[in-house]
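Student: One structure follows; several queries about it will come next.
Coordinate-derived values only; no laboratory data. Small disclaimer: the values here were computed from a predicted structure and weren't measured. When we count neighbours, we look across all protein chains shown, and the Cβ atoms used for this are built from the backbone with ideal geometry, even at glycine.
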Amino acid sequence: MAGILTTTMSTTLLAVGLAGGAAQIGLTGWAAIDGSRRPWPPDQISGQFGLYWLLVMAMAGSFFGLIGTTAGSLYPVGIVSVAGGGAFLLGAALNVLTADEFDGPEEILGLEWRHHASGPFQFSRNPEVLGHVGAVAGLAVATGSWQAMVVAGAIVGWFTLKPLAEEPVLADRYGEQYERYRTQVNRYVDWTGLSGAFGSCQNDCPE
């Protein structure tokens, strides 16, 4: 009986997570294509803002629920989990560094949109995307749950798509300043900037 309940619960969570992910991907892609649908997420309290966060909660709640109920469904926790755990920690650390650049909870929630170019934004125009992708994918791999991996795939797809809807809004609001920034830093990872920052001694070179 317990096994049937667990299977029913995991199936339901998987369906809810995929439905939330599909809706977010569809709405975000729509905003990326159709300028009249921007910004997404909405930058003011409204029904659309509530829908956005309802879908986020559907994805996140299902993902963590599957982590707790289906761990080890693909493979037992072991060596592979260590690699996944490392990716999770790196992603979480990057998220903390990125959040530190934001001016308050309103910006984290998407109610305020500002242009940032310092901290991790020197090496990626969207470091929060990299952080979330690493954390979500890493956690799914660490727990060995195929159900969590499927939902993680939907979440990763959504996060990867988000900049296509968000960057045009920043370009419209900040004009030439943001266009200059876009020419200097890559959307996801600016390998040239990273190699310059960590591949040489720069100003600390001994004379």
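Student: Of all residues in the stretch 52-81, count the ones that are surrounded by fewer than 16 Cβ atoms within 10 Å (Cβ to Cβ), part of a helix (DSSP H, G or I), more than 18 Å from the chain's Cα centre (by Cα) and in contact (Cβ under 8 Å) with a residue 12 or more places away in the chain.
Tutor: 1
Student: Have a look at Trp30, Trp40 and point out the one that is in a helix (DSSP H, G or I) and either touching a residue at least 24 places away in the same chain (Cβ under 8 Å) or surrounded by fewer than 17 Cβ atoms within 10 Å (Cβ to Cβ) (or both).
Tutor: Trp30
Student: Are there any helices (runs of 4 or more DSSP H) wholly within the stretch 98-207 with 1 or more residues that are surrounded by 13 or more Cβ atoms within 10 Å (Cβ to Cβ) and within 19 Å of the chain's Cα centre (by Cα), and if so which?
Tutor: 105-109, 127-143, 146-184
Student: How about the stretch 87-99: which of its residues are farther than 11 Å from Pro127 by Cβ and touching a helix residue (DSSP H, G or I) at 6+ places or on another chain (Cβ under 7 Å)?
Tutor: Answer for the stretch 87-99, where residues must be farther than 11 Å from Pro127 by Cβ and touching a helix residue (DSSP H, G or I) at 6+ places or on another chain (Cβ under 7 Å): Ala87, Phe88, Leu90, Ala92.
Student: Any chance you could count how many residues in the stretch 1-27 are over 20 Å from Ala165 (Cα atoms), under 22 Å from the mean Cα position of the chain (by Cα) and in contact (Cβ under 8 Å) with a residue 40 or more places away in the chain?
Tutor: Result for the stretch 1-27: 5.
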